[in-house]
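The values are calculated or read from the model by the stated rules, or taken from the named source; none is laboratory data. The structure displayed is predicted, hence computed values, not measured ones. Counting neighbours? That spans all protein chains shown, and the Cβs are built from the backbone with ideal geometry, glycine included.
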Amino acid sequence: MGDILYSIEADQFEKSSADPTLKGRGVATVNTTKLRKQMKALKKEVEKAPVLQKPVSGRKRVKQEQQVNYELNKTKLGVYLP
């Protein structure tokens, strides 16, 4: 993505410097500084994000879900059972 931004800036610089009549006329330019700041912010978010774990087998996942459900039901029904 950075290469694209640099190429956009380079193209705009070549166009504006090649034609002296365009200088100071408010030629539509691409401001990439905001895009760069957003890219840096996104990059930091990605670095802070936790690493995904590899997938768990079906049996192990079902067993984990059963255990979690058992704990939830035990706390909810524990009020009614002695």
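Some observations on this one:
- Considering the stretch 18-37, and only residues there that are surrounded by 10 or more Cβ atoms within 10 Å (Cβ to Cβ), in a loop (DSSP other than H, G, I, E, B) and among the aliphatic types (A, V, I, L, M), the residue that is modelled with the highest pLDDT turns out to be V30.
- Qualifying position, being under 34 Å from the mean Cα position of the chain (by Cα), among the charged types (D, E, K, R) and at pLDDT 85 or above, among K15, K40: K40
- Residues of the stretch 43-66 that turn out to be more than 14 Å from the chain's Cα centre (by Cα) and surrounded by 10 or more Cβ atoms within 10 Å (Cβ to Cβ), as a count: 8
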